[in-house]
Every structure is written in structure tokens, then in C-alpha cells.
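The values are calculated or read from the model by the stated rules, or taken from the named source; none is laboratory data. Keep in mind that what you see is a predicted model, and the values were worked out from it rather than measured. All Cβ positions, glycine included, derive from the backbone under ideal geometry; neighbour counts span all protein chains shown.
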Amino acid sequence: MKYTKDVENMCKVRCGASHGCAPIPEEGKWVYSKEIKDINGLTHGVGWCAPQQGACKLTLNVKNGIIEEALIETLGCSGMTHSAAMASEAIVGKTLLEAVNTDLVCDAINTAMRELFLQIIYGRTQSAFSENGLPIGAGLEDLGKGLRSQIGTVYSTREKGPRYLELTEGYITSLALDKNDEIIGYEYLTLGIFADLMKKGLKAEEALEKAKGQYGRYKDGVKFIDPRKE
């Protein structure tokens, strides 16, 4: 190791205090993390790309410093979905330090990885106070039945008002309006259930009806509109 002349000419002063690192909460324990293998936890984070065209929600389950499980959800950019496919292969099995220095193809996914890295190394995980943390597979359970991301897509103009296109229940097929032309409910199609019924051999028309549902005072509507056409 090289020193400058100024440092070489200094007299030595001993450092008396050595308090070590502060403990962080990890899976129901207080841990003094000194090496990457000391890091554990499951958490979520959000990232965005430079033009802010799209976003990524990333869920990681880290055990002994290694990413054992990853859920990558993207929104707003078609190329980002393919980047997520590539990142799913690149990220699992790496240490947290390796993953934050891995090119995850998409700016939004890289940013999400950076944000999660900060959360995890500071003990700000969702499982910080859960004894033994969460099992591998907990990330998948976030998707619920049908294994689809929770998506909300709503469009609105001052002139024509709001159009609900997709909400947590699914793809909106019809909006119910009252006598004042205000939305009081909607009919939806749960795409995951629809696809599962089709795979079981049901005809499209029958599967379509079985996968539909209603929310709010849909039946009380005096007018029904297709949010994508009217």
C-alpha cells in the first residue's frame, strides 16, 4: 500500500474506540452483519427507468446472503417484460452483492435491485421481526389465485370522465352508470380463471361466463358502457 509523503511524516495516534457495527433486525433476531452471508430477509422494492417510462416491483427472499427467490413484476414498457425474463435467470443464486453489480438488462429492474439492496443491508425488510423469516415461495403467494400481478389501469379525460380498464379483480368488461352518469359498479373478467377454465377444456363462451363477476351496485345501473369503446 502506498502512502503520500505527508502521511508518512505524520506521527501515529492510536484509535482508542472500537464499537463495531450496530445490530440490525433480521428474521426475528438482532444480527451484527459483518459479511454478506450474515444477511437474511424478504422484502419488496420499486424501481424506474431513466425516462420514467416504466416501473418494476421486485421481491427478493434472501437466505445467508444468497437470493433464493425473486418475483419480478413490470409495468409500462414492452421491452421490460423480456428484461424481466432474463433477470429471473441472472439474479437467483447470486449473493446480494453480486446481484446489485449484475446487469439486469433494464434500468427499472436495476434500480429496484439497488433500492432492495439498501433496504436489506440496513435491516428494513418485511420479515425483519418474523422468526425464521418467510419460506421460499412466499413471493409467489403475493400473486394470489391465478398467479397474476395486481394491476390497476384507469384512463380519464376532463371532457369524457374516467374509464376503468383493469382493476385487481381483472379486466373490466362493462361499467354501470346511475341516472347522473356516475360509475356505481362494474363487471369484470378474471383472466387467470378464464385461462385455467379454457385449459380444462371448457368452451370459450362457457369459460367466459364462469370467469366473470360484478362489483358494487352493478345491477342497479341505468346505463352500461364498454369502457374501451364508448
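Some points to look at:
To keep it simple, each residue is scored yes or no on (1) under 28 Å from residue 212 (Cα atoms); (2) of a type outside the set (A, V, I, L, M); (3) out of contact with any Asp or Glu (no Cβ under 8 Å at 6 or more places or on another chain).
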residue: 112; (1), (2), (3): no, no, yes
residue: 115; (1), (2), (3): no, yes, yes
residue: 124; (1), (2), (3): no, yes, yes
residue: 133; (1), (2), (3): no, yes, no
residue: 152; (1), (2), (3): yes, yes, no
residue: 160; (1), (2), (3): yes, yes, yes
residue: 163; (1), (2), (3): yes, yes, yes
residue: 172; (1), (2), (3): yes, no, no
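- Pairs, first touching a residue at least 60 places away in the same chain (Cβ under 8 Å) in region 212-230, second in a loop (DSSP other than H, G, I, E, B) and among the hydroxyl-bearing types (Ser, Thr, Tyr), C-beta under 7 Å, six or more apart: none
- Looking only at residues in region 188-223 that are closer than 21 Å to residue 165 by Cβ and in a loop (DSSP other than H, G, I, E, B), the one that is farthest from the chain's Cα centre (by Cα) is 221.
- Looking only at residues of region 1-56 that are of a type in the set (S, T, N, Q) and not assigned by TED's automatic domain parsing to the domain that holds residue 72, we find that the one that is modelled with the lowest pLDDT is 18.
Conditions tested, residue by residue: (1) closer than 30 Å to residue 38 by Cβ; (2) surrounded by 14 or more Cβ atoms within 10 Å (Cβ to Cβ); (3) over 18 Å from the mean Cα position of the chain (by Cα).
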residue: 121; (1), (2), (3): yes, yes, yes
residue: 152; (1), (2), (3): no, no, no
residue: 164; (1), (2), (3): no, yes, yes
residue: 179; (1), (2), (3): no, no, yes
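- Options 30, 48: the member that is out of contact with any Lys or Arg (no Cβ under 9 Å at 6 or more places or on another chain) and farther than 24 Å from residue 103 by Cβ: 30
- Test: residue in region 74-81 that is within 17 Å of the chain's Cα centre (by Cα), on the phi > 0 side of the Ramachandran plot, surrounded by 13 or more Cβ atoms within 10 Å (Cβ to Cβ) and at pLDDT below 95: yes
- Remark: pairs (first residue in region 159-178, over 14 Å from residue 225 (Cα atoms); second residue among the polar types (S, T, N, Q) and exposed (fewer than 15 other Cβ atoms within 10 Å of the Cβ); Cβ separation under 7 Å; 6+ apart in sequence or on different chains) = 166/153; 168/150.
- Among all positions in region 83-90, there is no residue which is of a type outside the set (S, T, N, Q) and either over 23 Å from residue 148 (Cα atoms) or part of a strand (DSSP E or B) (or both).
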